[in-house]
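Below you'll find the structure, written out as structure tokens, and then a few comments.
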Amino acid sequence: MSGGTSIYEVASCGIPMLLLPTVDNQIKQSVAWAESGAALYLGRFGEVSGAQLGETLNFLISNPRLREEMSLAGRQLVDGRGAIRVAKHVVGLGERVG
């Protein structure tokens, strides 16, 4: 995956991630997700070889315990209820203005 906002959806589903940011503003976020334990940061897209990607993917596939730890880390960081919180906030703003 790149380091965009789809990371939050994937983390809430508990899916371990291999991150290859495609633009500069995704690097810091990608590194932070890796530091959290929910992802593995490979480096910027285009700077990582197919062989490196394959090796990392095989490493992840062959380590079920690591996948479970990454899954748990992602679910602990993202509860999947952000849209509901935003909607409630917007409704609250409308009621105050209204």
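Taking the stated definitions as given, is E68 without any contact (Cβ under 8 Å) to a residue 12 or more places away in the chain, over 14 Å from I15 (Cβ atoms) and open to solvent by 80 Å² or more (accessible area, probe 1.4 Å)?
Judged against the criteria, E68 is not a match.
So which residues in region 30-39 are touching a residue at least 24 places away in the same chain (Cβ under 8 Å) and surrounded by fewer than 19 Cβ atoms within 10 Å (Cβ to Cβ), if there are any at all?
Residues satisfying the conditions are S36, G37.
Exactly one of these conditions fails for G46: (1) under 23 Å from E68 (Cβ atoms); (2) open to solvent by 40 Å² or more (accessible area, probe 1.4 Å). Give me its number.
Tallying (1) under 23 Å from E68 (Cβ atoms); (2) open to solvent by 40 Å² or more (accessible area, probe 1.4 Å), G46 fails exactly one: (1).
The values are calculated or read from the model by the stated rules, or taken from the named source; none is laboratory data. None of these values were measured; they are calculated from a predicted model. No Cβ is skipped: glycine too gets one built from the backbone with ideal geometry, and neighbour counts run over all protein chains shown. To get the accessible areas, we keep the full protein, side chains included, count just its heavy atoms, and leave off ligands, DNA and RNA. Shrake-Rupley method; radii C 1.70, N 1.55, O 1.52, S 1.80 Å.
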